[in-house]
Structures are given as structure tokens and as C-alpha cells.
Amino acid sequence: MPPHGLDAVIHAPVRLQICAMLSATDEAEFALLRDETGVSESVLSKHLKQLEDAGYVTLRKATVASRQRTWAGLTRKGRAAFAAHVEALNRLVRSEPAAAGVLETPDGAPRR
Amino acid sequence: MTDDFEPRQALATATAARQRLAARAASPRWYAPLYGLGTGGIVASVGLPGPWPVAGSVVCLLFVAALYSVWKAKTGLSVNGYRRGRTLPLTLGFLAVILGLAFVAVHFGRDEGKAWVPLACGAVAAIVAAFASAAWDRLWRAEMTEQL
């Protein structure tokens with residue numbers, strides 16, 4: 001378990017934003033997530049794949065008006081993980097001085 | 001790269017992402033009135049005699065489904081009306097009112113032959129549905145803008 005109860009998969013800023021947006025809705029379209037996170041399609045795909053591999057996100061392709069769209073949604077496990085991650089962040093904020101030593105590793109995972 | 005991790009900043013990033021989504025998810029002005037029209041049509045149809053209950057309900061249900069599809073394509077979002085959260089009491093209350101109106105429409109329209117009752121119930125349902133749709137949209141987006 002990552003330090004302070006933070007979720008290593010959700011921790012990276014782009015994945016945190018993806019989970020935050022998906023937590024408010026059932027599904028969001030790939031293009032919307034790309035626009036709102038401000039990353040390229042390939043970078044977004046990589047982050048979504050990591051979330052999918054962790055069982056946090058499901059990806060679904062749908063053809064509308066002969067155009068294929070990809071929809072992403074948080075799984076129940078993903079919703080629980082995001083809620084726990086936010087709770088852990090709030091705990092860290094409440095004990096702010098103790099949080100000063102938490103750093104980020106090169107792969108985006110949190111560590112002390 | 002080894003950065004200082006700021007939990008406050010992470011929470012702000014997540015909150016800002018949801019707030020941007022809330023701004024983008026606003027329904028167009030025509031959505032609530034058209035949703036009201038479709039819902040009112042369903043309530044009125046079920047109480048009318050002859051072929052109206054089936055034909056009218058199917059047409060209005062397809063209309064409401066098409067309306068949601070347009071909203072979904074426009075916003076790039078999909079959301080369940082029965083989702084948990086602040087919107088759920090509104091959804092359940094709205095359903096109770098609409099089912100009550102449909103019951104009254106069927107009882108007086110089909111059982112007692114008063115055709116004006118389903119039409120009146122449909123008109124009331126249309127107004128209730130339009131306001132409920134707009135209120136649901138506001139509640140949902142307000143929930144998204146809250147600090148995580």
C-alpha cells in the first residue's frame with residue numbers, strides 16, 4: 001500500500017484529473033478527456049490503459065453517425081479507489097506539516 | 001524527477017477538473033422544455049382512449065431518448081438519472097409525481113371517459129418535468145463544483 005493511503009495508480013496528476021472527472025459522471029468521451037486534461041491522444045491513451053489495467057476504468061467503443069468514439073467510465077473499484085485517494089489527500093492536508101516529506105518517484109508514485 | 005508533493009495542490013487539481021466539467025456539462029436552454037414536452041406527452045398518452053396509449057407513449061419515449069442522445073453527443077458525457085448523490089431525492093420525487101399523474105390520467109381518462117383529464121395531467125407533467133430537469137442539471141453541476 002502506498003504511503004499515507006495514497007493510490008499509486010491515481011496519484012499522477014493526469015490520472016487524478018481523469019478519475020475526478022469520471023467520478024462525477026457515468027462515462028465521458030475520449031475527446032472530452034483529452035481536451036480537459038490538455039494532453040495528447042497518445043499520452044491520454046497511456047494513462048487510460050494504466051487505469052484500465054488496474055481495473056479502475058472501462059473503455060467502450062461506440063459508432064455514432066459512422067464515427068467511432070471511445071467512452072471511458074469508472075468501475076465500482078475505481079470509484080472506491082478514487083474516494084479513498086481523496087480521503088487520504090484530505091487527511092494529509094489536515095496534518096499538513098507531516099505531509100511535507102512525501103515525494104513523488106519518477107514513475108509518478110508517491111513515496112516518503 | 002523528484003518533486004515536492006502537495007496534497008492541497010492535488011485536491012485543487014482534482015476539484016478544478018470537476019469544475020471545468022461542470023461548466024461544460026450545462027444543458028442547452030431548449031433541453032428542459034423539450035424534456036417536459038416529451039414527458040407530458042407520455043403522461044397524456046397513457047390516459048387517452050383508442051390507439052393513443054401505445055402510439056403516443058412510444059413516440060414520446062423515442063423523442064425523450066433522442067433528446068438524451070443529442071445531449072450526450074453534444075457534451076461528450078453520459079450520466080445516469082438515478083445516480084447517487086444530491087440528485088437522487090429529486091429523481092425519486094419527480095418519478096412519484098409523474099407516476100401519480102399517470103395514474104390519475106388513466107383512471108379518469110380511460111376508466112371514466114373524461115378525455116380532458118389526461119390532457120390536463122400531461123400539461124402539469126410537462127411543467128413539472130421541465131422544472132425538474134433544469135433543477136437536476138443545476139444540482140448535478142453544483143455537486144461537481146464542490147471542493148473535494
Being in contact (Cβ under 8 Å) with a residue 12 or more places away in the chain and within 8 Å of chain B (Cβ to nearest Cβ) is the filter here, so list the residues in segment A:26-47 that pass it.
-> A:ASP26, A:GLU27, A:ALA28, A:GLU29, A:ALA31, A:GLU36, A:THR37
If we scan segment A:84-98, do we find a residue that is at pLDDT 95 or above, more than 8 Å from chain B (Cβ to nearest Cβ), in contact with a strand residue (DSSP E or B) (Cβ under 9 Å, 6 or more places away or on another chain) and in a helix (DSSP H, G or I)?
-> no
Does B:SER57 qualify as being at pLDDT below 95 and either within 13 Å of B:ASP137 (Cβ to Cβ) or open to solvent by less than 40 Å² (accessible area, probe 1.4 Å) (or both)?
-> yes
Of the numbered conditions (1) closer than 30 Å to A:LYS61 by Cα; (2) among the hydrophobic types (A, V, I, L, M, F, W, C); (3) modelled with pLDDT of 95 or more, B:MET144 satisfies every one except a single condition; which is it?
-> (3)
What are the residue pairs meeting all of these: first residue in segment B:15-33, first residue at the interface with another protein chain (Cβ under 7 Å from one of its Cβ atoms) and open to solvent by 30 Å² or more (accessible area, probe 1.4 Å), second residue of a type in the set (D, E, K, R) and not in a loop (DSSP other than H, G, I, E, B), Cβ atoms under 6 Å, and 6 or more apart or on different chains?
-> B:ARG20/A:GLU36
So, of the residues in segment A:48-69 that are open to solvent by 30 Å² or more (accessible area, probe 1.4 Å) and part of a helix (DSSP H, G or I), which turns out to be farthest from the other protein chains (Cβ to nearest Cβ)?
-> A:ASP53
Is segment A:72-83 home to any residue that is surrounded by 15 or more Cβ atoms within 10 Å (Cβ to Cβ), part of a helix (DSSP H, G or I) and at the interface with chain B (Cβ under 9 Å from one of its Cβ atoms)?
-> yes
Flag if B:GLY109 is touching a Gly at 6+ places or on another chain (Cβ under 7 Å) and modelled with pLDDT under 95 = yes
Within segment A:25-47, the residues that are of a type in the set (Ser, Thr, Tyr) and open to solvent by less than 30 Å² (accessible area, probe 1.4 Å) are A:THR25, A:THR37
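The values are calculated or read from the model by the stated rules, or taken from the named source; none is laboratory data. Since we're looking at a predicted model, the values are computed, not measured. In this analysis, Cβ positions are derived from the backbone assuming ideal geometry, glycine residues included, and neighbour counts consider all displayed protein chains. Protein only, heavy atoms only, side chains kept; ligands, DNA and RNA dropped before computing areas. Shrake-Rupley method; radii C 1.70, N 1.55, O 1.52, S 1.80 Å.
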